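The values are calculated or read from the model by the stated rules, or taken from the named source; none is laboratory data. Since the structure is predicted, the reported quantities are computational estimates derived from the model, not experimental observations. Virtual Cβ from ideal backbone geometry, glycine too; neighbours counted across all protein chains shown. Only protein heavy atoms, including side chains, enter the accessible area calculation; ligands, DNA and RNA are left aside. Shrake-Rupley method; radii C 1.70, N 1.55, O 1.52, S 1.80 Å.
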Amino acid sequence: MCGIAGWIDWEQDLRAKEEIIEKMTETLYWRGPDKQGIWVSERALLGHRRLIVIDRDGGAQPMVFEHPDGKIVLTYNGEIYNFQELRKELEGLGHHFATRSDTEVVLRSYLEWGAEMAKRLNGIFAFAVWDERVQELLLVRDHLGVKPLFYLKKGESILFASEMKAILAHPDVKAKVGIEGLTELMLGMIRTPGHGIYEGIREVLPGHLIRFRRNGSWEHTYWQLESHPHLDNLPTTVTKLRELLYDIVKRQLVADQPVVSLLSGGLDSSGLAAIAAQEYRNQGKEPLRTFSVDFENSEQDFKANEFHLSLDTPWVRRVSEHAKTEHQIVVLNDRQLLDNLEINYRAHDLPAMGNMGTSLYLLFKEMKKSATVSLSGESADEVFGGYAWFHKKEIWEANTFPWMVFLQNDKQNHLLSPELTEKLNPYEYVEERYQEAIARVPRLHGEDETNARMREIFYLHLKYFLTMLLERKDRMSMATGLEVRVPFCDHRLVEYVWNIPWEMKCVDEIEKGILRRAFAEVLPQDVLYRRKNPYPATYSPVYSRALRKRLLSIIDDKTSPLVPLIDRSKLKEIVQGMTTNPITYPNITMLERFILLDAWLREYNVQICL
């Protein structure tokens with residue numbers, strides 16, 4: 001996987017600005033620690049940081065095609081899983097390849113089909129094409145938004161990059177956050193698609209492409225969910241799902257570098273790891289390596305609750321033995337979590353998830369020592385309906401984002417200063433975003449009330465909730481130079497599952513029942529029917545006490561940029577009261593969030609514009 005950056009300007013000569021694109025690109029070092037490339041012309045500066053996965057010698061970027069009417073230049077981040085089929089098709093159309101890389105397949109696909117080529121790609125990707133022939137910049141992002149792509153329009157120029165830090169590295173861009181951006185930050189569990197939080201910065205939407213020319217820009221949706229009657233019966237549906245999953249995993253195991261897999265002992269990662277391990281045996285390869293995370297003293301500190309039902313490690317060992325993988329448990333301690341908490345905002349360029357993000361980063365950092373590519377079970381819950389709130393009628397009847405009700409996220413809003421609350425109007429904002437999302441749901445004429453409502457719930461998760469999880473996975477993995485692939489985000493699978501009726505998805509009266517049946521051939525019964533357990537979090541009292549101490553220090557610091565945003569006395573009272581209350585996941589999350597918000601405001605020198 002890689003990092004891309006660029007600056008297009010239709011007025012000034014950029015050839016003397018090479019130092020700026022170098023600085024922008026260098027901020028993306030960990031996305032591509034293997035190599036840096038810069039391409040300079042009068043109107044365009046393109047940068048690339050490379051993580052070598054396929055064709056070490058032939059995939060250098062930016063990649064240039066010399067056309068008689070002008071150069072066509074590509075800077076690309078991602079993996080195209082059907083690049084071999086596309087290469088054969090292009091060769092049949094007269095194209096000759098100089099490399100084995102999927103990068104050249106993307107470039108030549110553009111030469112053959114123009115922007116329409118996006119419809120032909122299967123993979124995770126975000127890329128830019130500068131076409132000197134027509135002086136046009138094309139930005140394209142993958143179907144589900146696995147790979148990030150941000151841009152900023154400034155006068156007659158366009159800045160773009162894989163991460164916002166590269167755009168913020170431009171000398172003419174300041175880290176400003178207005179009312180809308182601050183509202184989303186303070187809400188914490190809503191991230192409107194396309195919004196970059198910082199003023200002026202936008203995100204290319206998943207499944208979209210944007211063409212920029214001197215006289216304007218044009219945005220196009222090349223892929224979107226479509227609602228149709230599901231005509232397959234239950235056995236046929238299970239068979240098609242199983243075939244799709246096998247095909248997806250097989251494609252995503254292709255790499256010139258070692259491929260490993262995350263394994264939590266839950267249904268999603270276990271099923272993928274079992275298929276991958278089987279495929280490795282079929283190919284005569286060494287056993288698949290798998291990885292999981294745990295916390296020091298977890299057996300002592302853990303108490304089952306509605307968020308985490310059981311510890312993962314016993315189940316991890318069960319699956320590893322069954323699938324015959326070579327497994328490594330990465331055990332983290334409190335000091336590691338505390339010392340690396342800041343990675344959350346440095347990787348995201350925004351305050352983000354706390355120890356769940358930190359532990360993921362530390363897990364990936366350990367994995368990077370022996371691998372470059374990993375599979376992950378991310379997004380199965382959004383695609384198949386695995387979260388608890390999918391199955392609580394009173395929650396999905398609440399006419400808002402279901403996870404915000406279940407996680408009781410509104411408690412944090414009561415801790416904002418009265419002046420800020422009045423300006424932000426968080427409840428009205430959530431209502432507006434919710435109504436906007438519901439209005440975009442592709443309806444199915446004649447669908448019964450339950451399935452129509454569940455279609456809305458799935459849409460909310462695929463467009464909003466999944467965005468936050470994919471961001472976490474991408475930023476934390478790329479902060480270590482590890483590429484993480486997400487088979488459940490294959491758009492063919494998402495398209496098919498989208499139209500499976502709710503009662504079939506929940507066959508056998510259990511969440512993701514249809515997926516459990518699809519994995520029945522590769523998993524033992526007890527693992528197959530283990531209940532949903534989210535990514536692990538620490539419940540260490542040592543960690544919790546350290547967070548409380550740190551936040552109380554921030555609250556008492558009148559120079560803190562956090563102070564004007566909060567109700568100091570109310571927040572202090574709650575934090576002090578935590579010393580006598582049991583440690584809970586929501587409390588730890590709240591402590592982390594305010595600590596990270598303060599640190600981010602300081603380090604990024606953020607200007608709040610209200």
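Numbers below:
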item: Where 553, 310 fall by accessible area, highest first, once all protein chains stay in place (1.4 Å); result: 553, 310
item: Charge dipole magnitude, Cβ of K and R +1, D and E -1 - the chain, Cα centre, debye nearest 20; result: 820
item: Segment 145-253 - Kirkwood radius from inverse mean 1/r over Cα pairs (Å); result: 17.3
item: Using θ = phi - 60° and Karplus 6.51 cos²θ - 1.76 cosθ + 1.60, couplings along segment 102-110 (whole Hz; Gly, Pro as x); result: 6, 4, 5, 5, 4, 4, 6, 5, 5
item: Value of Rg/Rh across segment 309-381 [Cα atoms, Kirkwood radius]; result: 1.00
item: Segment 47-196, accessible surface, carbon-and-sulfur percent (1.4 angstrom probe); result: 45
item: Rg/Rh for segment 231-378, where both radii come from Cα atoms and Rh is the Kirkwood radius; result: 1.01
item: Accessible surface of residue 570 - all protein chains present, 1.4 Å probe, nearest 10 Å²; result: 90
item: Student exercise, segment 85-212 dipole from Lys, Arg, Asp, Glu Cβ charges, in Debye to nearest 20; result: 200
item: Leading residue at positive end of dipole, the chain (Cβ point charges), from 3, 218, 115; result: 3
item: Cα-Cα pairs of segment 385-464 separated by more than 16 Å (percent); result: 56
item: For the chain: relative contact order, % (alpha-carbon pairs under 8 angstrom, 6 or more apart); result: 16
item: Contour minus Cα-Cα distance for residue 250 and residue 227 (0.36 nm per residue); result: 5.5 nm
item: Bins of 10 Å, starting at 0 and running to the largest distance - Cα pair percent for segment 9-51; result: 32, 47, 19, 2
item: Accessible surface, 1.4 Å probe, highest first, among residues 191, 545; result: 545, 191
item: Relative contact order, percent, segment 454-602 [alpha-carbon distance under 8 Å, six or more residues apart]; result: 17
item: Proportion of all alpha-carbon pairs of the chain beyond 40 Å (%); result: 26
item: Cα-based Rg of segment 522-610 normalised by 2.2 N^0.38 Å, two decimals; result: 1.46
item: Inter-centroid distance (Cα atoms) of segment 266-284 relative to segment 1-64, Å; result: 36
item: Gain on full stretching of the segment that runs from residue 301 to residue 556 - 0.36 nm per residue minus C-alpha separation; result: 88.8 nm
item: Span from the segment 504-536 Cα centroid across to the segment 420-463 one, whole angstrom; result: 27
item: Greater than 21 Å apart at Cα, pairs in 119/147; 154/174; 303/505; result: 303/505
item: Segment 284-437: relative contact order in percent, alpha carbon pairs under 8 Å with at least 6 residues between; result: 17
item: Given charges at beta-carbon only (K, R positive; D, E negative), |dipole| of segment 320-365 in Debye; result: 60
item: Within-15-Å neighbourhood charge of residue 499 [Cβ basis; K, R +1; D, E -1]; result: -2
item: Of every Cα-Cα pair in segment 218-310, the percent that sits beyond 16 Å; result: 72
item: Against the rule of thumb 2.2 N^0.38 Å, how large the Cα Rg of segment 52-185 comes out; result: 1.18
item: Greater than 32 Å apart at Cα, pairs in 176/532; 23/570; 250/532; 392/463; 153/512; 392/549; result: 176/532; 23/570; 153/512; 392/549
item: Modelled FRET efficiency - R0 45 Å, residue 579 with residue 156, Cβ distances, 0.05 increments; result: 0.20
item: In segment 213-268, the trypsin sites (Lys or Arg not before Pro) that fall in loop regions by DSSP, at most 16 other Cβ within 10 Å; result: 214
item: Summed residue charge, Cβ within 15 Å of residue 555's Cβ, Lys/Arg positive, Asp/Glu negative; result: +3
item: Computed FRET value (nearest 0.05) for residue 93 with residue 64, which takes r as the C-beta separation and R₀ as 22 Å; result: 0.60
